[in-house]
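Undergrad: My questions all concern the structure below.
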Amino acid sequence: MERLESLIANGKPLPLTRNAIIDRDAALNLIDELRVAVPEEVRAAKRINQEGERIIEKAQEEAERIVARAQEQAAYLIDERGLNERAEDESRRIIAVADDEAGQVRQGADEYAAGVLAALEAEVTKTLHGIERGLAMLDERRAAYAPVPEPASVDDGYAQADGYSDADEQAGAPTAAHR
């Protein structure tokens, strides 16, 4: 470019005009050299420009990918937090229901056990009364069949407290301790 400028500046001026006479062959040779040199420079500039655009595009894609991933991660964390909260709420509800049901089962079991024990007590009481009546009846029979005891003598050293003699005990009659 400088050589072309010098060729034009050193051209012979035409009187009364702004035109100049320059060496035509020299100017055409310089233009040919420029055509050869400029396309390579232009191509290099285009490559640099395209590379810059590609880098910018790649950086934008990377930025978009990072933002999308961050949004996904945030959504995941929000969903996970929501799921955890719902799971905790559900577990508290299940535990409360289980506690209520366990209380009802315990109450039912206590009522059942109280009923069984009351029935057993009634049966035992009934059986005990039957045993007492049977013993009383046996005492009455024995008293009816028993010989009249002889008055205890002072010489015996003791008197029978239950009303039976030593002979009755040896015969197998129950004593007060056996009743």
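The values are calculated or read from the model by the stated rules, or taken from the named source; none is laboratory data. The structure presented is a predicted model; accordingly, all values stated were derived computationally and were not measured. Note that we place each Cβ from the backbone using ideal geometry, even for glycine, and neighbour counts take in every protein chain shown.
Undergrad: Give the residue that is farthest from residue 1 (Cα to Cα), with candidates limited to residues of the stretch 12-45 that are among the acidic types (Asp, Glu) and surrounded by 12 or more Cβ atoms within 10 Å (Cβ to Cβ). Full working, then the answer.
TA: Step one: list which residues in the stretch 12-45 are among the acidic types (Asp, Glu), which gives 23, 25, 32-33, 40-41.
If we keep only those that are surrounded by 12 or more Cβ atoms within 10 Å (Cβ to Cβ) as well, we get 23, 33.
Numbers: 23: 16, 33: 10 Å.
Per the stated criteria, the residue is 23.
Undergrad: Inspect all residues belonging to the stretch 60-75 and state whether any of them is surrounded by 10 or more Cβ atoms within 10 Å (Cβ to Cβ), modelled with pLDDT of 80 or more, touching a strand residue (DSSP E or B) at 6+ places or on another chain (Cβ under 8 Å) and among the aliphatic types (A, V, I, L, M).
TA: no
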